[in-house]
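The values are calculated or read from the model by the stated rules, or taken from the named source; none is laboratory data. Fair warning: this is a prediction, and the values are worked out from it, not measured in the lab. Here Cβ is always computed from backbone atoms with ideal geometry, including for glycine, and neighbour counts include all displayed protein chains.
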Amino acid sequence: MMIDEVNILIGGPQGAGLETSMQLLSNSFAKLGYGIVSDREYYSNIKGRHSYINLRASSKFIPRALKETVQIVGAMDPETIFTHFDELGERGYLICDSSVAGRSMNSIPSIGKQARERISERFSKMGVDGTVSSLIDHLKSAGREAVELDFPSILASIRDRFKLVPEQASRYVSSILYGAISGLVGLDDGSVRKSIETRFAGRESVIEQNVYLVNQVSELVQKSYGSPFRLKPSSIPEREFVVGSGNDVVAMGKIVGGLRYQSYYPITPAADESFFIESHESLGGDDEGLGGVIVLQTEDEIAAVTSAIGAALTGARSATATSGPGFSLMVEGLGWAGINEVPIVVTHYQRSGPSTGQATRGSQEDLLSTLFASHGEFTRFVLASGDHEEAFYDSIEAFNLAERYQVPVIHLLDKFLANSIATMPIPDFARIRIERGEVVEHPGKGYKRFDLSKIMSPRAFLGSDAVIGHSGAEHDESGHTTEDRINRLKMYEKRMKKLELADTEIPEERRAEYYGPEDADFLLVGWGYSKMIALDALEKLSEMGYKGSYLHVKMFAPFPARYVRSVLNRVASERVIAIEHNYQAQASMAIKMYTSIDVDRRIVKYTGRPMYLEEVVGAVKKILDEGVKRVVMSHGA
């Protein structure tokens, strides 16, 4: 019997190849036409601490939300078994190493004290003595299946066949899991080989070794267990797709959008975007005269933002990418860009704070911070993406907005979107446009960079034939410092009127999008990654007889107040529910500030782990059926 979708969790120590496993599995499913989404959760640790991947693949649609209950748990080590056994659904399969059957939870030092206490309490109620073998016996008695493979023997076979040293062979534990999962879901050899060849292009020996091991394990598993989770042939309409992480698609969007200079200081989870661009860096352009992309790793985030400002002043489309702590350091530079009307893009990947917080965990905690960052008042745009496709187009739109209105643009994403891999349709290049705003190439004598006769003064670049002054102080039309009160009035109003002008020019339906029937019985309101979860949750709730809709806020400055107010007024206030990854429901606070409407029913999560489909569906039902006003979710290891 074939199934419509499969949900898989793979766990092991950080640095053991889990990210490669996620890429290989995602590509294998995608090459067969399946829709996928996967996420990697990990500690702020280079090697050793527990990391895991949650993947969902479907033959019928492109999934957006991850599920907390999975059909397959692949365990590289005992810690994964102890940590994730409860997530294995009915008739699920645990893939594990038979040689660790005698290991006890108390022998694993990397399990934290609080987690150890929770698991021990659970074991006590289950009658499990704390060993792997006892837990597996319990799972079997509850209808689960254990695929117990002798990892050391499998690694010895590849070591002997390819004459590897033990350390080299030990790197293939993740390939054992890939092979076992391939067998259980019935992945064909062609998609497996192609994925391995793509991932390890140019490394023929590594490709040969991986293909051999994966096929051997897959055949072994199929002989003993069959392929109980074989997916039906894909019925997703035939289209070309991109499979990539949020970091990847933002980087691609920037390159397509004309990025010429990117600065960064390494920080999780933003750095991967710059690494991707760096791998496609071209200092001299190409034979057709197209410009290159320069990526610079600076000594800190202050240098990152100020160098991006300098590049923008020369006419280059420039950006910097960072996360919360780095953005905090960039704030003074942001204000300098504001008073000098410099078009830069700051790509901000939110993670758990404050301070270092949880460096590798996700959040949506920085919305209010970006709206009010830096002292004084000046126009900035804040744009937030809700999925991979949006992130691609928004990366281009951020440049257009920055140059058209000559303002800093903050592009908000989050760790969940950054580190998740998803199937995304090939971009429609007919949708893409490049807007550089009002630029003057040869301004000549008498040019005034801050000409007060226009809200957007014609922009000339440093290096042109004009004399241009810039400073952090208030200035006159030529950029010379002045504290004259009337000049201050005019310059202040000139900068602020950009926000008012943009509010009239940018259609509100582009700044907030409505999904669902016009006569919905309840409304979810969210932003960022919450969109992916909310839309799948609405489909699940619809199957249960609930008729809901979702309002996705994409732009918080300028805020689409009229449109948001009109949508919120369609539904009774007690059936409007915020869904966010922060404590205060910050988007709801912004909505109240701009519309005077209080969205006081709230579903929130701030553990640093992503929302899952089942917990969101349950939370919505609690609010609608039980009258609960606030649900705090906490699932995830």
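Structure above, values below:
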item: Search result, residues across the range 60-109 that are in a strand (DSSP E or B) and aromatic (F, W, Y); result: Y93
item: Contacts under 9 angstrom Cβ, first residue in the range 460-476 being without any contact (Cβ under 8 Å) to a residue 60 or more places away in the chain, partner surrounded by fewer than 13 Cβ atoms within 10 Å (Cβ to Cβ) and of a type in the set (K, R), 6 or more apart; result: D465/K445; A466/K445; V467/K445
item: Whichever residue in the range 539-554 is crowded, with 23+ Cβ neighbours inside 10 Å and among the aliphatic types (A, V, I, L, M) and, among such residues, is farthest from R510 (Cα to Cα); result: L551
item: Residue count, the range 518-568 (criterion: touching a residue at least 60 places away in the same chain (Cβ under 8 Å) and under 24 Å from M589 (Cβ atoms)); result: 22
item: Whichever residue in the range 355-368 is small (G, A, S) and surrounded by 20 or more Cβ atoms within 10 Å (Cβ to Cβ) and, among such residues, is nearest to A502 (Cα to Cα); result: S363
item: Any chance N7 is surrounded by fewer than 24 Cβ atoms within 10 Å (Cβ to Cβ) and in a strand (DSSP E or B); result: yes
item: Any hit, the range 429-436, residues being in a loop (DSSP other than H, G, I, E, B) and under 30 Å from A30 (Cα atoms); result: yes
item: Qualifying residue in the range 297-317 (condition: surrounded by 18 or more Cβ atoms within 10 Å (Cβ to Cβ) and more than 30 Å from D476 (Cα to Cα)); result: no
item: One residue from K540, K490 being in a helix (DSSP H, G or I) and either assigned by TED's automatic domain parsing to the domain that holds D625 or among the aliphatic types (A, V, I, L, M) (or both); result: K540
item: Tally, over the range 67-99, of residues that are surrounded by fewer than 19 Cβ atoms within 10 Å (Cβ to Cβ) and β-branched (V, I, T); result: 1
item: Matching entry among A402, A422 (being small (G, A, S) and at pLDDT 95 or above); result: A402
item: Sole exception among (1) surrounded by fewer than 16 Cβ atoms within 10 Å (Cβ to Cβ); (2) more than 30 Å from the chain's Cα centre (by Cα); (3) of a type in the set (D, E) for E148, by number; result: (1)
item: Count of the range 10-22 residues which are more than 22 Å from I111 (Cβ to Cβ) and buried (at least 21 other Cβ atoms within 10 Å of the Cβ); result: 1
item: Subset tally (residues that are more than 20 Å from the chain's Cα centre (by Cα) and part of a loop (DSSP other than H, G, I, E, B)) for the range 18-45; result: 3
item: Single residue of L413, L489 found to be surrounded by 15 or more Cβ atoms within 10 Å (Cβ to Cβ) and closer than 26 Å to G376 by Cα; result: L413
item: Subset of the range 191-207 that is free of Cβ contacts under 8 Å to residues at least 24 places away in the same chain and assigned to a helix (DSSP H, G or I) - its residue that is surrounded by the fewest Cβ atoms within 10 Å (Cβ to Cβ); result: E204
item: Meets criteria (under 25 Å from N54 (Cα atoms), in a helix (DSSP H, G or I), of a type outside the set (G, A, S) and at pLDDT 95 or above) for L213; result: no
item: Count of the range 216-232 residues which are assigned to a helix (DSSP H, G or I), farther than 19 Å from Y172 by Cβ and in contact (Cβ under 8 Å) with a residue 60 or more places away in the chain; result: 2
item: Test: residue in the range 101-116 that is modelled with pLDDT of 95 or more and of a type in the set (S, T, Y); result: no
item: Candidates E513, E518 - the one that is more than 21 Å from P408 (Cβ to Cβ), touching a Lys or Arg at 6+ places or on another chain (Cβ under 9 Å) and surrounded by 13 or more Cβ atoms within 10 Å (Cβ to Cβ); result: E513
item: Strands (runs of 3 or more DSSP E) completely within the range 256-374 that count 1 or more residues being over 28 Å from R49 (Cα atoms) and out of contact with any His (no Cβ under 8 Å at 6 or more places or on another chain); result: 261-264, 294-297, 318-323
item: Residue in the range 242-259 that is surrounded by fewer than 22 Cβ atoms within 10 Å (Cβ to Cβ) and without any contact (Cβ under 8 Å) to a residue 24 or more places away in the chain present; result: no
item: Enumeration of residues in the range 385-395 that are more than 19 Å from D272 (Cβ to Cβ) and either free of Cβ contacts under 8 Å to residues at least 60 places away in the same chain or surrounded by 23 or more Cβ atoms within 10 Å (Cβ to Cβ) (or both); result: G386
item: Qualifying positions in the range 437-472 - exposed (fewer than 15 other Cβ atoms within 10 Å of the Cβ) and under 15 Å from R317 (Cα atoms); result: E438, V439, L462
item: Qualifying residue in the range 372-379 (condition: touching a Ser or Thr at 6+ places or on another chain (Cβ under 8 Å), in the same structural domain as G253 (by TED's automatic domain parsing) and crowded, with 22+ Cβ neighbours inside 10 Å); result: no
item: Residues that are among the hydroxyl-bearing types (S, T, Y) and in a loop (DSSP other than H, G, I, E, B), drawn from the range 543-591; result: Y546, Y583
item: Long-range neighbours under 7 Å by Cβ, at least six apart or interchain, first residue in the same structural domain as I95 (by TED's automatic domain parsing) and within 15 Å of F85 (Cβ to Cβ) within the range 6-28, second at pLDDT 90 or above and of a type in the set (F, W, Y); result: L9/Y52; I10/Y52; G11/Y52
